[in-house]
Amino acid sequence: MNVLVEDPPMFAIIPKEFYQAEQRGTVSMACSARVVSGPRSPRLNWRRTDGVLIPSDRTRQQDGFLIITNLRKTDHGSYDCVLENEVATLVASTTLLIESTTPHAPTNVTVDVGPFFARIKWQPAYNGGFPQHYVIWYRQFGSSTRQWRTLRVRAADDTSSFTVYNLTPDTLYEFQILSRNQLGDGMFSEPVIVRTADVDSYATVFPTDSSGVTYVPTIVKPSGALPASPFAVTVISTPEGAHVEWEGPQNSSVPIMYYRVEYRKMNEQWGRSSEAIPADGRTFYLAKDIQSGITYEFRVYAFTLTSFSEPSEIVRFTLTSDFAGNLSPTVAIVAGVVGGLIFFVVLTILLLLCAGCARRKRKAKRERYDSDGFHPENDTLTLKRG
C-alpha cells in the first residue's frame, strides 16, 4: 500500500490590492505559486469574480501573471488568482480600475416608500477617474404612455441617497439611477419596481417636501371615496376681473382639503385652472386673465388628498365693458397719491432751479457793472482814465 503525501499549495506572489490602467493600454497582474513537495505542481488560473468570461483574444497567462491588452471599460472589475491542488484551494483577489472612462452603474439600489414619496439608496460605483453625479429616472410602471421623469441629484460625489416627492399613493413606480461624469453618461443601475403606500381617504394633513414645506400632491390616479361637489356657484364682474364664489358641500363623506376653479371660453376645451384654494373657509376665486365681452364657463371641484369630486354645475359669465380696464378704488387712490407727490417734487425742483438762475444773473450783472466803474458804495458813475 502506497501513501501519497502532498503539501497544500502556497502563493509565492499575490496580486496587488488594485491595478490602474487607461483604456487601450495593457496591464499585467502578478501571481505565482511557491514550489512545494509532491509529485504534481499546483494549478494556477485566473477568473473574474463576477463570473464574466475573461476575453481570450486579448489576454494571456505567463508564469502565473495575467496580461490583458487593448483594455476596455468592460475589463474593469474584480479578478481572482486561484491556486489549487488535491489538498486545498487558495484564492487571491484584486481589482482592475480602468481610468478615463464614463462612470460605472450604481449597485445595491433599494427604495423605501410612503404614500407620496420614495427614498432611494444605492452603492456608488467606480467614477471613471473623475467626479460624478447622479440622475434619478422614474415613471409609473406598467404603462407605455407614461414618460420617464428625471431628477438630478445636486450633491457631493459620494452621495448615495435621494428622496423623490409628489408621487401617487398605492401606485407602482419604476426607478433607475444613472451616473454621469465629465466624459458623459455611464450605465443605468438595475431597475427597481415598488408600490407606494396607500393613504387614508380621511387624511387631513398635506405632505411635506425635503425642506419641510407642505405641498398639494398631484392626483394622477384618483383613489378612495369621492367628496361631494361644490354648489351655488356665482360669478360677478369686478374691476379686477371675474369674482367666483361657491358653497362647499354640506354633507361630504370625506374631508375636503382644497378646491380648484376651472374655466374656459365658450366652445373651447377646458384648460384654465386656478391654483389650489385651501378649504379653510375661503370659497372664492378671482379670475383676472379674462377678456371683456367674451362669454366664459366656470365650474368648481372639491379635492381630498387622493381624489376629487364631480364638477359643480356650469355657470356662464361675460365680463361687462364697464369694468374692463378700470382701476380698482385702491389702485386709483394709490395712483393719485403717488401722482401728487411726484408733481410736488417736480415743482419744488423747478422753483429751486429758477431761484438759482436768478441769483446767478444778479451776480453776473454786479460783476459786469463793477468792471465798467460802477461802485455800489457811492452810487456814482466815474470815468476810467487812460
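Just one of the listed residues (Ser179, Ser210) is within 30 Å of Tyr259 (Cβ to Cβ) and hydroxyl-bearing (Ser, Thr, Tyr), and it is Ser210. The set of residues in the range 241-250 being modelled with pLDDT of 90 or more, open to solvent by 40 Å² or more (accessible area, probe 1.4 Å) and part of a loop (DSSP other than H, G, I, E, B) is empty. For the range 277-302, a tally of residues being more than 24 Å from Gly224 (Cα to Cα) and free of Cβ contacts under 8 Å to residues at least 12 places away in the same chain returns 1. With the structure loaded, tell me whether Val87 is in contact with a Pro (Cβ under 7 Å, 6 or more places away or on another chain), among the β-branched types (Val, Ile, Thr) and in contact (Cβ under 8 Å) with a residue 12 or more places away in the chain or whether it fails that test. For Val87, the condition - in contact with a Pro (Cβ under 7 Å, 6 or more places away or on another chain), among the β-branched types (Val, Ile, Thr) and in contact (Cβ under 8 Å) with a residue 12 or more places away in the chain - is met.
Residue-wise test of (1) closer than 15 Å to Ile314 by Cα; (2) touching a residue at least 24 places away in the same chain (Cβ under 8 Å); (3) touching a Pro at 6+ places or on another chain (Cβ under 6 Å).
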residue	(1), (2), (3)
Ser237	no, yes, no
Ile256	no, yes, yes
Met266	yes, yes, no
Glu275	no, no, no
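The criterion of being under 21 Å from Ser312 (Cα atoms) and of a type outside the set (Phe, Trp, Tyr) does not hold for Glu190.
Residue-wise test of (1) modelled with pLDDT under 90; (2) charged (D, E, K, R).
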site: Phe117; (1), (2): no, no
site: Lys121; (1), (2): no, yes
site: Ile136; (1), (2): no, no
site: Trp148; (1), (2): no, no
site: Asp157; (1), (2): yes, yes
site: Ser160; (1), (2): no, no
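If you go through the range 77-102 and keep only what is outside any strand (DSSP E or B) and on the phi > 0 side of the Ramachandran plot, you end up with just Ser100.
Between Ser28, Ser41, the distinction of being hydroxyl-bearing (Ser, Thr, Tyr) and at pLDDT below 95 belongs to Ser41 only. The set of residues in the range 194-208 being out of contact with any Gly (no Cβ under 6 Å at 6 or more places or on another chain) and either of a type in the set (A, V, I, L, M, F, W, C) or at pLDDT 85 or above (or both) consists of Val194, Arg195, Thr196, Asp198, Val199, Ala203, Val205, Phe206, Pro207, Thr208. Checked against the criterion of being in a loop (DSSP other than H, G, I, E, B), open to solvent by 50 Å² or more (accessible area, probe 1.4 Å), over 30 Å from Pro106 (Cβ atoms) and at pLDDT below 90, the range 251-264 has at least one qualifying residue. Just so you know, in the range 87-105 the residues that are among the small types (Gly, Ala, Ser) and modelled with pLDDT of 95 or more include one that is surrounded by the fewest Cβ atoms within 10 Å (Cβ to Cβ), and it is Ser93.
Only one of the listed residues (Gly114, Gly77) is in contact (Cβ under 8 Å) with a residue 60 or more places away in the chain and open to solvent by less than 50 Å² (accessible area, probe 1.4 Å). That residue is Gly114.
The values are calculated or read from the model by the stated rules, or taken from the named source; none is laboratory data. Given the structure is predicted, the values throughout are model-derived calculations rather than measurements. Positions of Cβ are backbone-derived with ideal geometry, glycine not excepted, and every protein chain shown enters the neighbour counts. Note: areas computed on protein heavy atoms with side chains; ligands, DNA, RNA excluded. Shrake-Rupley method; radii C 1.70, N 1.55, O 1.52, S 1.80 Å.
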